[in-house]
Amino acid sequence: TAEELYQFAYYVNDTTRTNIKDPLCAKLTADIVVNKNVLTSTETLNEDASNFIRWEPIQYFGGTFDGQGHSISGLYFYDMQYYENVGLFGSINSYDFDVWKGTDTTTIKDLTLKDSYFEAMENVAGIAGQITRLVIVFENVHNEALVKAGQYAGGLVGRTEYNGYPVVLNSSNK
């Protein structure tokens with residue numbers, strides 16, 4: 001459900017949890033709809049965006065996110081004042097924030113993101129705003145979100161830095 005997706009994001013974003021350096025795994029068991037009609041039929045932002053529930057991007061994720069062929073739709077984020085690293089995942093980093101070991105791999109697979117909108121200052125994408133210090137595998141991942149940024153915007157990934165290596169398999173950006 002949308003509530004469970006927000007709970008997962010809250011859990012991952014909680015920097016006080018004791019297992020913060022451990023990889024996490026998540027599987028979708030159904031399609032998730034957060035907001036309806038975020039985008040119009042011409043694929044622009046709906047003029048009535050003030051009623052949308054705001055998405056808080058999952059930050060510092062490492063592990064496996066398996067969509068199991070399901071979709072997430074209706075994510076909405078807008079903040080051009082102070083925000084960077086925005087998408088379903090704002091940032092995907094090595095489990096040890098300080099060191100890249102060359103062995104950390106995160107996988108996002110079998111997922112479609114649709115009818116969603118992300119706009120922020122920098123590092124904005126439908127799936128991962130920024131990847132740092134790891135290999136990330138996108139396998140059968142499809143982005144249909146509208147993405148805008150002051151700088152560094154993309155469909156699957158907005159920006160890679162500090163040894164971030166994306167591997168893209170059977171994935172797309174619409």
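The values are calculated or read from the model by the stated rules, or taken from the named source; none is laboratory data. All values reported here derive from a predicted model rather than from experimental measurement. No Cβ is skipped: glycine too gets one built from the backbone with ideal geometry, and neighbour counts run over all protein chains shown. Surface accessibility is based on the protein's heavy atoms, side chains included, excluding ligands, DNA and RNA. Shrake-Rupley method; radii C 1.70, N 1.55, O 1.52, S 1.80 Å.
What pairs come up if the first residue lies in the range 110-128 and is open to solvent by 10 Å² or more (accessible area, probe 1.4 Å) and part of a strand (DSSP E or B), the second is of a type in the set (Lys, Arg) and at pLDDT 95 or above, and their beta carbons are under 6 Å apart, counting only those six or more places apart or on different chains?
Glu119/Lys148
Just need a number here: residues in the range 75-132 that are of a type in the set (Asp, Glu) and modelled with pLDDT of 95 or more.
The first filter runs over the range 75-132 and keeps only residues of a type in the set (Asp, Glu), leaving 79, 84, 96, 98, 104, 110, 115, 119, 122.
Checking which are modelled with pLDDT of 95 or more leaves us with 110, 115, 119, 122.
Residues flagged as of a type in the set (Asp, Glu) and modelled with pLDDT of 95 or more within the range 75-132 amount to 4.
Have a look at Gly69, Gly63, Gly87, Gly74 and point out the one that is touching a residue at least 24 places away in the same chain (Cβ under 8 Å) and touching a Cys at 6+ places or on another chain (Cβ under 9 Å). Talk me through it step by step, then tell me what you get.
Details: Gly69 fails: touching a Cys at 6+ places or on another chain (Cβ under 9 Å); Gly87 fails: touching a Cys at 6+ places or on another chain (Cβ under 9 Å); Gly74 fails: touching a Cys at 6+ places or on another chain (Cβ under 9 Å).
Unique residue meeting the criteria: Gly63.
Which of the residues spanning the range 142-165 are among the acidic types (Asp, Glu) and closer than 19 Å to Asp115 by Cβ? First the steps, then the outcome.
Filtering the range 142-165 for residues among the acidic types (Asp, Glu) gives 144, 161.
Across the range 142-165, the qualifying residue is only Glu144.
Just the residues that are buried (at least 21 other Cβ atoms within 10 Å of the Cβ) and not in a strand (DSSP E or B), please, taken from the range 136-151. Before you say what the answer is, go through the steps one by one.
Within the range 136-151, the subset buried (at least 21 other Cβ atoms within 10 Å of the Cβ) is 136, 138, 141-143, 145, 147, 149.
Answer for the range 136-151, where residues must be buried (at least 21 other Cβ atoms within 10 Å of the Cβ) and not in a strand (DSSP E or B): just Ala145.
Only one of Pro23, Pro57 is touching a residue at least 40 places away in the same chain (Cβ under 8 Å), open to solvent by 20 Å² or more (accessible area, probe 1.4 Å) and either closer than 25 Å to Leu134 by Cβ or more than 12 Å from the chain's Cα centre (by Cα) (or both); which?
Working: Pro57 fails: open to solvent by 20 Å² or more (accessible area, probe 1.4 Å).
None of the others qualify; the one that does is Pro23.
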